[in-house]
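S.K.: Supplied in structure tokens, the structure appears directly below.
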Amino acid sequence: MKMNKIAKLSIFVCLTAVLYSSPFELGLEFGSPTGISAKLWLDQKSALDFGLGITGDRHDDRYYDDQRLHLHADYQLHRFDLLPVDQGRLGLYYGLGLRLVSGDDSELGVRIPLGAQYDFSSAPVSIFLELTPVVEITDPGIDIDPALGVRYVFGKRSGGSKGSSKKAAKENKKNEEQDDEDEEKPKVKMQW
């Protein structure tokens, strides 16, 4: 029953993204969790990130084979101007979200995702690496969720996906210099 509701919610998010023409990424992630990864871009710097998969149960830093359902949702802020690359774009991100791990004893935690994402310029694909500290609420403690993933990008990316971030940074600098020059020029008012 829970999986049916989660599947319906996932379909709703996908359809909403397509209808509003927001860039939407869908793919796989491996780690904690291993499963489906989705990202809905809100603008050039912020996104909602979702994960649905299976994770191993962990107690006292020992892993057991007990597999449990993992669901998370994060709000993320991205900086693609910090690490310029020749092709594509490489960005760092951070955020805040929630994680629910269900099983015999469900756990709720606050996620603080920290990661890097590379967007290929030659294909609508992104890859990411993430380390996410989780502050457990129901079973007090701190956990780390590592993940590596790949996603296909639906919709048009904005913010320099067709060119390099170095090129975009140069263009931004050129535009700022032009704005500075325009401000320094005296404005002549013509009267007839």
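The values are calculated or read from the model by the stated rules, or taken from the named source; none is laboratory data. Predicted model, so just to flag it, every value in this text is computed and none were measured. FYI the Cβ positions are ideal-geometry reconstructions off the backbone, even for glycines, and counts take in every protein chain you see.
S.K.: Please find, among LEU28, LEU100, LEU71, the residue that is in contact (Cβ under 8 Å) with a residue 24 or more places away in the chain, closer than 16 Å to TYR152 by Cβ and surrounded by 13 or more Cβ atoms within 10 Å (Cβ to Cβ).
M.R.: LEU28
S.K.: Could you grab the pairs with beta carbons closer than 7 Å, sequence gap of 6+ or different chains, first residue in segment 135-153 and closer than 26 Å to LEU42 by Cα and touching a residue at least 12 places away in the same chain (Cβ under 8 Å), second one among the small types (Gly, Ala, Ser) and surrounded by fewer than 18 Cβ atoms within 10 Å (Cβ to Cβ)?
M.R.: GLY149/GLY27; VAL150/GLY27; ARG151/GLY27; TYR152/GLY27
S.K.: Let me ask you something else. What number of residues within segment 106-122 are in a strand (DSSP E or B) and either in contact with a helix residue (DSSP H, G or I) (Cβ under 6 Å, 6 or more places away or on another chain) or closer than 30 Å to GLN87 by Cβ (or both)? Break it down stepwise before answering.
M.R.: Step one: list which residues in segment 106-122 are in a strand (DSSP E or B), which gives 107-111, 114-119.
After this cut, where a residue has to be either in contact with a helix residue (DSSP H, G or I) (Cβ under 6 Å, 6 or more places away or on another chain) or closer than 30 Å to GLN87 by Cβ (or both) as well, the list is 114-119.
Of the residues in segment 106-122, 6 are in a strand (DSSP E or B) and either in contact with a helix residue (DSSP H, G or I) (Cβ under 6 Å, 6 or more places away or on another chain) or closer than 30 Å to GLN87 by Cβ (or both).
S.K.: Has segment 81-88 got any residue that is in contact with a helix residue (DSSP H, G or I) (Cβ under 7 Å, 6 or more places away or on another chain), surrounded by 15 or more Cβ atoms within 10 Å (Cβ to Cβ), modelled with pLDDT under 95 and not aliphatic (A, V, I, L, M)?
M.R.: Yes, segment 81-88 has at least one match.
S.K.: Could you list all residues from segment 31-44 that are surrounded by fewer than 19 Cβ atoms within 10 Å (Cβ to Cβ) and at pLDDT 95 or above?
M.R.: ILE36
S.K.: Now, a different point. Please specify each residue of segment 97-124 satisfying the condition of being more than 11 Å from the chain's Cα centre (by Cα) and either of a type in the set (A, V, I, L, M) or closer than 13 Å to ASP145 by Cβ (or both). Don't jump to the end; show me each part of the working.
M.R.: First pass over segment 97-124, keeping only residues more than 11 Å from the chain's Cα centre (by Cα): 97-112, 119-124.
Those that are more than 11 Å from the chain's Cα centre (by Cα) and either of a type in the set (A, V, I, L, M) or closer than 13 Å to ASP145 by Cβ (or both): GLY97, LEU98, ARG99, LEU100, VAL101, GLU107, LEU108, GLY109, VAL110, ARG111, ILE112, ALA123.
S.K.: Here's something else I'd like to know. With the requirement that a residue be part of a loop (DSSP other than H, G, I, E, B) and in contact with a Pro (Cβ under 8 Å, 6 or more places away or on another chain), what does segment 123-159 give you?
M.R.: Residues satisfying the conditions are GLY155, LYS156, ARG157, SER158.
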